[in-house]
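Read the structure below first, then the notes.
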Amino acid sequence: MDTSLTPQDSPPATAGSAPPRAGDHRPGFGTLLAVDLWERFSFFGMAAILVLYLTASEARGGMGMAPQPATAIFAAYMSLCFMAGLPGGWLADRVLGARRAVLLGGVLITCGHAVLAVPVTGTLYAGLLLVVGGTGLVKPAMAAMVAGVSGDGEGRREAAFSLFYMCIQVSALIAPVVTGLLAERVAWHLGFAAAAVGMTAGLIQFALGLRRYGDVGARPPRPVPRPEALAMLRRAAWVTGSVGALVVLPVSRGLLPLPVVLAALGLTTITLPFWYLRSLRLAHAPGTGHRRRLTGFTALMAASAAFWMIFAQSGSVLSLFAERHTDRDVLGFEVPASWFQSVHPLFVLLVAPLFARLWVRAPRVDVPVKFAGALIAAGSSFLLMAVAATLAEHGPVGPHWLLLVYLLYSCGEIALAPAGLALAAAVAPPGSTSRLLAVNGLFGAVGVVVGGQLFRLTTVLSPATYFLLLGAFVLAVGTTIALGTPRLRTLLALRRNPGP
């Protein structure tokens, strides 16, 4: 795992967390891995079948949508999952504590999938919103607990996040196979039900293992006084109910145009993380070093949005390409299109040990270099898709094109995602760990929304041109980060270890 750099003077990950023993993690790390395996099972299971369900004909039990609005809804759902992490992280940091945030969020996710499992068309948006709210609570709180049990030793936090990130790919591998088979071959709503069962199993395992976490996540690190917290929760419930009444119900009944809602959501998604980080920088005195490090963090996160812009289209654009333009016949068996979503995590599991060895042998490969490499890999993947789309104009293409694209995705994700999580935990001002981890996810939401909106260009551009333009743009962003690496190291106060 990477030990090439550590931000200096890293704040504690969470209140009350003690450093782990040398070469070891605090008790509870394995339980957290198992719980997140189940949570990710529900998330990736949903991601694998949602667009296919929305675009399936009503005769096949789907919604019968065109690809463009279906992709926009998928992007909105994914971006809301990321955006919900900011209020969810605040609740974990100031009101609930990480443990209760995970429990409450898990209950909401389970209820959301249960609602989606009901074969009634009008439940779609209500179920998705429940899943969004639960994910917003679970993800930053879970990441904060991982940071808490891993301690503050040099390189240990990033090593823990790398291990954590690699292990949860098991769920990403299995979930599309299980939910995809049930949804595409039996009934769509049965696929949603399988995701609900997975999250229920995760909740039970987390509750049974609470005693293993010691004091990590037991209390909010900077609690709001109880009367103020209750007042805030009442206001939050009122706002949530109002949004449901004024937006969700009219949209589900066709009274409010969906494009208007998606446009407003997209604008909010793009501006929110920049606004929050700017307010966080201004809240600290210039001499503390937080402002400078948050500036460097903002630059890297903005660049990461370009990576997630391409990465997030795996569940929408590439799923549709697999379904409509890929030869999926294997010895007379037609491979479900959703199963291609399992290829990426399989590659992650296969190549992650190689990257772990690379980080040890090349300690000068630090966070900015990893981000640049990930962006270049993502851009190159869409250049490959441009070639595949050109060939697909004359008939279905072989699956090897998608396999190569997912391989590039996997290499990029292994380099960027754990490093981004560890960096967010390291540069977070005291008491803000969950929220800054959520901000890391918000920039993923920016990429998801931008990618979902850009897909509308396929109504006027050929798929090959679309892939070519996006791939070239992301390559340019990666090159810019590579050239700006020295400046970014200075801003982030990164300390490079000497080579072997």
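The values are calculated or read from the model by the stated rules, or taken from the named source; none is laboratory data. What you see is a predicted model, and the numbers here were worked out from it, not measured in a lab. Here the Cβ is made from the backbone with ideal geometry for all residues, glycine too, and neighbour counts use every protein chain on show.
At a glance:
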{"read-out": "Test for Val439: is it surrounded by 24 or more Cβ atoms within 10 Å (Cβ to Cβ), modelled with pLDDT of 85 or more and assigned to a helix (DSSP H, G or I)", "value": "no"}
{"read-out": "Residue among Met78, Met65 that alone is at pLDDT 75 or above, more than 21 Å from Asp215 (Cα to Cα) and under 16 Å from the mean Cα position of the chain (by Cα)", "value": "Met78"}
{"read-out": "Residues that are within 28 Å of Tyr53 (Cβ to Cβ) and either in contact with a His (Cβ under 7 Å, 6 or more places away or on another chain) or not aliphatic (A, V, I, L, M) (or both), drawn from segment 88-115", "value": "Gly88, Gly105, Gly106, Thr110, Cys111, Gly112, His113"}
{"read-out": "Extreme residue, nearest to Val224 (Cα to Cα), among residues of segment 118-128 that are in a helix (DSSP H, G or I) and at pLDDT below 85", "value": "Ala126"}
{"read-out": "Candidates Leu208, Leu173, Leu203, Leu190, filtered to the one that is surrounded by fewer than 23 Cβ atoms within 10 Å (Cβ to Cβ), modelled with pLDDT of 80 or more and under 21 Å from Leu349 (Cβ atoms)", "value": "Leu173"}
{"read-out": "For Glu413: the one exception among (1) touching a Ser or Thr at 6+ places or on another chain (Cβ under 9 Å); (2) at pLDDT 85 or above", "value": "(1)"}
{"read-out": "Candidate set: segment 384-402, residues that are touching a residue at least 60 places away in the same chain (Cβ under 8 Å) and more than 17 Å from Gly471 (Cα to Cα); chosen: the one farthest from the chain's Cα centre (by Cα)", "value": "Glu393"}
{"read-out": "Matching residues, segment 477-490, being over 15 Å from Thr298 (Cβ atoms) and surrounded by fewer than 14 Cβ atoms within 10 Å (Cβ to Cβ)", "value": "Leu483, Pro486"}
{"read-out": "Search result, residues across segment 432-474 that are closer than 28 Å to Pro223 by Cβ and in contact with a helix residue (DSSP H, G or I) (Cβ under 6 Å, 6 or more places away or on another chain)", "value": "Thr433, Ser434, Arg435, Leu436, Leu437, Ala438, Val439, Asn440, Gly441, Leu442, Phe443, Ala445"}
{"read-out": "Verdict on Gly484 being modelled with pLDDT of 90 or more and in contact with a Leu (Cβ under 7 Å, 6 or more places away or on another chain)", "value": "no"}
{"read-out": "Boolean, Arg328 is closer than 18 Å to Ala48 by Cβ and in contact with a Pro (Cβ under 8 Å, 6 or more places away or on another chain)", "value": "yes"}
{"read-out": "Flag if Ala196 is at pLDDT 75 or above, aliphatic (A, V, I, L, M) and either buried (at least 16 other Cβ atoms within 10 Å of the Cβ) or outside any helix (DSSP H, G or I) (or both)", "value": "yes"}
{"read-out": "Inter-residue pairs, beta-carbon under 8 Å, first among the aliphatic types (A, V, I, L, M) and in segment 202-231, second part of a loop (DSSP other than H, G, I, E, B), 6+ apart", "value": "Val216/Thr14; Val216/Gly16; Val216/Ser17; Val216/Arg26; Val216/Gly28; Ala218/Gly16; Ala218/Gly97; Ala229/Pro223"}
{"read-out": "Entirely in segment 29-116, the helices (runs of 4 or more DSSP H) that have 2 or more residues that are of a type in the set (Asp, Glu)", "value": "29-55"}
{"read-out": "Count of residues meeting criterion [crowded, with 19+ Cβ neighbours inside 10 Å and modelled with pLDDT under 80] in segment 307-335", "value": "4"}
{"read-out": "Segments classed as helices (runs of 4 or more DSSP H), wholly inside segment 306-409, with at least 1 members that are under 17 Å from Gly180 (Cα atoms)", "value": "317-325, 343-361"}
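For every residue, the table says whether it meets (1) at pLDDT below 80; (2) among the hydrophobic types (A, V, I, L, M, F, W, C); (3) crowded, with 17+ Cβ neighbours inside 10 Å; (4) farther than 30 Å from Gly30 by Cβ.
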{"site": "Gly214", "(1), (2), (3), (4)": "yes, no, no, no"}
{"site": "Ala231", "(1), (2), (3), (4)": "yes, yes, no, yes"}
{"site": "Thr288", "(1), (2), (3), (4)": "yes, no, no, yes"}
{"site": "Gly296", "(1), (2), (3), (4)": "no, no, yes, yes"}
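Condition check ((1) surrounded by fewer than 18 Cβ atoms within 10 Å (Cβ to Cβ); (2) in contact with a Phe, Trp or Tyr (Cβ under 6 Å, 6 or more places away or on another chain)) across all residues:
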{"position": "Met385", "(1), (2)": "no, yes"}
{"position": "Ala388", "(1), (2)": "no, yes"}
{"position": "Ala392", "(1), (2)": "no, no"}
{"position": "Gly398", "(1), (2)": "yes, no"}
{"position": "Ser410", "(1), (2)": "no, yes"}
{"position": "Leu416", "(1), (2)": "no, yes"}
{"position": "Leu423", "(1), (2)": "no, no"}
